[in-house]
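The values are calculated or read from the model by the stated rules, or taken from the named source; none is laboratory data. All values reported here derive from a predicted model rather than from experimental measurement. Positions of Cβ are generated from backbone atoms using ideal geometry, with glycine treated the same way; all protein chains shown enter the neighbour counts.
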Amino acid sequence: MSLSAASAPARRPAGDAIVVATALTRDYPSGDGVVHALRSVDLSVGRGQLLAVRGRSGSGKTTLLNLLGGLDRPTSGSVMVDGQEVSAMGEDELVEVRRRTIAFVFQSFGLVPILTAAENVEVPMRLVRAEPGERDRRVADLLEIVGLHERARHRPHELSGGEQQRVAIARALANRPRLLLADEPTGQLDSETGHRIMLVLRQVVRAEGITAIVATHDPLMIDVADRVVELQDGVLIDA
């Protein structure tokens, strides 16, 4: 599937909610005071949606994604993902959820330098002991989706920043997660490359049938989303 084909897809209506955050609050101690990173956030995200969370630096975007993905715990409130209360899970349960249900893409690409693009994508499947033939097929399919099948044998230093981020997206999708969380995935890229990455994210949402929540402060990235919400000083506003 080409990026040009992904530039104007028909928008698919979201089904039932896969993410439900209720009265989500996160406070951090700071000297003699408290930083209110999130303030009683309610958020419901339908299956198959690409949701953009916008806001200035420090508005709470990263905190929200960390709570939704089980990387942090709320001060109060709850997070449900695909019918499971992530905010109440123990660490062993969270590890399993992060391997199979929730995937992450970060601003820093986080690729293993000594591995090829294909080997980097394969890593999550090795962790869950997927069958070798299935790993090979899945890697080939994902690199095709993100437009890098011809770069499969290249190592990260041989790839551009945009190509490295596309490898990171493919790696995140390796175990067929239901939810993809992307925190400023275009933050280290120029605007043209960043927009291309957002088109890739929209493409994989359609191709893989998953839900994606993308935190960004870049207005150029907003136009590819199905829905946009805004965080202002930890308060969520449905735009």
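What to note about this one:
- Strands (runs of 3 or more DSSP E) wholly inside the range 184-239 containing at least 1 residues that are within 15 Å of the chain's Cα centre (by Cα), within 25 Å of Arg100 (Cβ to Cβ) and of a type in the set (Phe, Trp, Tyr): none
- Within the range 174-216, the set of residues being buried (at least 23 other Cβ atoms within 10 Å of the Cβ) and modelled with pLDDT of 90 or more comprises Ala174, Pro177, Leu180, Leu181, Ala182, Thr211, Ala212, Ile213, Val214, Ala215.
- Any chance Val204 is within 13 Å of Gln49 (Cα to Cα) and of a type in the set (Val, Ile, Thr): yes
- Listing of strands (runs of 3 or more DSSP E) fully contained in the range 33-135 that carry 3 or more residues being crowded, with 21+ Cβ neighbours inside 10 Å and at pLDDT 90 or above: 33-46, 50-54, 102-105
- Ala140 fulfils the conditions (1) in a helix (DSSP H, G or I); (2) in contact (Cβ under 8 Å) with a residue 40 or more places away in the chain; (3) closer than 18 Å to Leu111 by Cα except for a single criterion, (2).
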